[in-house]
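All remarks here apply to the structure that follows.
Rule-based calculations on the coordinates, nothing more; no lab input. Bear in mind that the values here come from a model prediction, so they are computed numbers and not experimental data. Here the Cβ is made from the backbone with ideal geometry for all residues, glycine too, and neighbour counts use every protein chain on show.
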Amino acid sequence: MQSKLKSQLLERARAIGADDVRVTAATLPTEHTDRLRQWLDAGRHGEMDYMARSGEKRASAETVLPGAKSVIIFAFGYGQQKAMPVYSVDEVGSAKVRVAKYALGEDYHLVLRQRLEPVVEWLSTELPGNQWRVCVDSAPLLERAFAVEAGIGFWGKNTMVLSPRAGSFFFLAEIVTTAEIAPDPPITGTCGNCTRCIDACPTAAIVAPYELDARKCISYLTIEKKSELTAEESSQLHGWAFGCDICQDVCPYNKFTNPTPVAEFEEGRIVHASESVETFGEPASNSAFERRFAKSPILRPGRRRVQRNARLAARKRG
């Protein structure tokens, strides 16, 4: 019964554009909470207070669905059709800024939630009498840790989840359920002696293998940090106006990443990987900004911060 269910689940996952789907138990091993506690105690979460508020509760799926027994993890690739090299600020030029690949298309929160709804309907008929909840990055779950436990991939030194066949350019989405489904085993994987991500990070945010100080991360500075950037932070965006892909672009596991089968995630759907500053500067009001980026994750930080990022990112370093 379980093997047939999983086989059918994989077929349905592939049909909606997922690269992989796996299952794990609803509670994580304590090693993940220990790691989270150390990260929070060191203050490396910066202004992401929501991480501290939910803290160790994120290690149990019962936080989002009481009585949860299993977490079904989906991986949706967002690799692009053409190679996108890491640009230095000078190569980008003062009129262009960079946007992380995950934000080139439509907002994955909305897209993936819609794609998982029919899977939930099917599961409800296969396993009646159970409860189900779809989560896409907004619920208090340690998504990457659940993905590692399920065997979607293994921890990379840049703290991303690396799949041996799909790299790290993928979104995670979950169906949390009260149904007890046999878990899949974790996979064995390693970065070996490679330190390309650590060496390439221009702000030294990867302070040690498998340890990220978010306060130094360009993605954090351009998306999560709500207060004003310091003079030093303002000079360290390295051409990025929204997010950063440097540590992933240099990863050997991403060398052969396949283009996404999900049309909504394709480059140019909302913006291009290299955009003019005017793209972000033209919306002169909040309402105009909201219309321009209504379906984009770029909407999240708000007009003021996005336009600030674009201006700072476009500055050439002296």
Among 61-72, 25-36, how do they line up from the highest to the lowest mean number of other beta-carbon atoms within 10 Å? 61-72, 25-36
DSSP bridge orientation in the chain - percent antiparallel, rounded to nearest 5: 95
Fewest first, what order do Tyr102, Tyr50 take by the number of other Cβ atoms within 10 Å? Tyr50, Tyr102
Taking springs between alpha-carbon atoms closer than 10 angstrom, which of Ser138, Ser168, Ser124 fluctuates most in the Gaussian network model of the chain? Ser138
Please work out which option in (1) 33, 22, 19; (2) 44, 28, 15; (3) 34, 25, 19 gives semi-axes √(5λ) of the Cα gyration tensor in Å calculated from these coordinates, and answer with its label. (1)
Considering the convex hull of the alpha carbon atoms of the range 104-152, report its projected area averaged over all viewing directions, in nm², one decimal. 4.5
Explain nothing, just the number: relative contact order of the range 196-314, from Cα pairs under 8 Å at least 6 residues apart, as a whole percent. 30
Here the relative contact order (percent) of the chain, from C-alpha pairs under 8 Å and at least 6 apart, is 27
Shape box of the range 83-218 [Cα atoms, principal axes, largest first, Å]: 58, 36, 28
Kirkwood Rh, Cα Rg: Rg to Rh for the range 196-314? 0.98
Take Met48, Met160 and order them by how many other Cβ atoms sit within 10 Å, fewest up front. Met48, Met160
Cα-Cα over 24 Å: which of Lys96/Lys295; Lys101/Lys216; Lys69/Lys157; Lys57/Lys255; Lys216/Lys295? Lys69/Lys157; Lys57/Lys255; Lys216/Lys295
